[in-house]
1. Taking the solvent-accessible surface of protein heavy atoms with a 1.4 Å probe, what is the per residue accessible area of the range 64-169 in Å²?
2. Charges on Cβ only, +1 for Lys and Arg, -1 for Asp and Glu, centred on the Cα centroid of the chain; of Val50, Ala130, Thr36, which one is farthest towards the dipole's positive end?
3. Report, to the nearest whole %, how much of the accessible area of the chain belongs to carbon and sulfur atoms, 1.4 Å probe, protein only.
4. Net charge near Met142: determine it from the other residues with C-beta under 14 Å of the C-beta of Met142, scoring Lys and Arg +1 and Asp and Glu -1.
5. For a label point 7 Å from the Cα of Gln45 along Cα→C-beta, name the residues of the range 60-74 whose backbone N is under 19 Å from it.
6. Can you work out ³J(HN,Hα) from phi for every residue in the range 67-77, in order, using Karplus 6.51 cos²θ - 1.76 cosθ + 1.60 and θ = phi - 60°, giving whole Hz and x for Gly and Pro?
7. Just how large is the dipole of the chain about the Cα centre, in debye to the nearest 20, putting +1 at every Lys and Arg Cβ and -1 at every Asp and Glu Cβ?
8. From the phi angles alone, apply the Karplus equation (6.51, -1.76, 1.60; θ = phi - 60°) to the range 227-235 and give each ³J(HN,Hα) in whole Hz, x where the residue is Gly or Pro.
Amino acid sequence: MSAQFNAMTTERLFRDDAYLRETSARVVDVDERGITLDRTIFYPQGGGQVGDTGVLVRTNGEPIVVVDTRKGDADAILHVRTDAALRPEIGETLKLAIDWERRYRLMRLHTALHVLSCVVVAPVTGGNIAPDKARLDFDIDMSLLDAQKIERETNALIARGIATETVWITDEELDARPELVKTMSVKPPRGAGRVRLLRIPGIDLQPCGGTHVANIGEIGAIRVLRIKNEGRRNRRVEIALAD
Ligand SMILES: [Zn+2]
């Protein structure tokens with residue numbers, strides 16, 4: 001029973017080091033949905049951030065292109081391929097490489113949303129991070145959203161070049177500090193006994209399981225692409241990297 005459970009748990013290497021571009025891992029399961037490994041550097045779609053893409057290389061040199069990464073059963077992570085005929089052996093060791101350029105843009109945009117959420121002071125009702133743009137939805141009056149002001153203030157905070165930190169707290173500690181949860185639509189994962197937080201000292205502290213840059217200066221600068229009214233509680237601020 002426990003062996004089976006362990007087999008369906010994928011160690012999330014990106015949690016401790018989001019900068020890992022390559023590693024190796026063992027195949028623990030293969031089905032039509034995807035390939036499950038004992039550990040991975042591929043981030044699975046979640047918390048508004050899209051899943052990673054990249055390649056798995058078999059011992060015989062055959063590449064398996066990964067077009068998406070999703071959460072599977074229990075704590076497994078599925079590496080989604082287009083060609084289900086590509087079936088590595090259970091126990092086989094694969095070389096993993098993520099599409100680093102794409103992922104690094106996601107890390108920069110994702111961290112930029114943390115900064116943005118401190119410039120626009122309102123409950124966050126939604127969000128999404130894609131390689132080319134990212135957005136947050138706020139429960140706020142449209143008249144309070146000024147694109148130029150938001151862009152200027154967000155970039156001023158980014159220019160401080162502050163190192164980010166990962167902090168873990170217990171479920172009980174989080175319950176005692178409900179003000180930490182800004183995102184109303186995405187509740188932090190519970191039940192594991194502890195919750196992961198991203199801290200940008202002096203700027204932001206909130207539960208988040210995503211991948212972030214080590215220093216907000218790496219974001220560079222952002223542009224506000226548009227501000228849209230997507231409903232009474234969804235005033236959408238869309239951003240892109242300036243470069
Ligand atoms: Zn985050």
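The values are calculated or read from the model by the stated rules, or taken from the named source; none is laboratory data. Here the structure is a predicted model, which is why all the values come from computation and not from measurement. Reconstructed Cβ throughout: ideal geometry from the backbone, glycine too, with neighbour counts over all protein chains shown. Please note that ligands, DNA and RNA were not included when accessible areas were found on the heavy atoms of the full protein model with its side chains. Shrake-Rupley method; radii C 1.70, N 1.55, O 1.52, S 1.80 Å.
1. Ligands and nucleic acids excluded, the result is 46 Å² per residue.
2. Ala130
3. For the chain, the apolar C and S fraction of the accessible surface comes to 49 percent.
4. +2
5. Once the point is set 7 Å along Cα→Cβ of Gln45, 65-74 turn out to lie under 19 Å by backbone N, inside the range 60-74.
6. 3J(HN,Hα) across the range 67-77, in whole Hz: 9, 6, 10, 10, 6, x, 6, 6, 9, 7, 10.
7. 600
8. So the Karplus estimates, Gly and Pro as x, are 10, 10, 8, 9, x, 4, 10, 10, 9 Hz.
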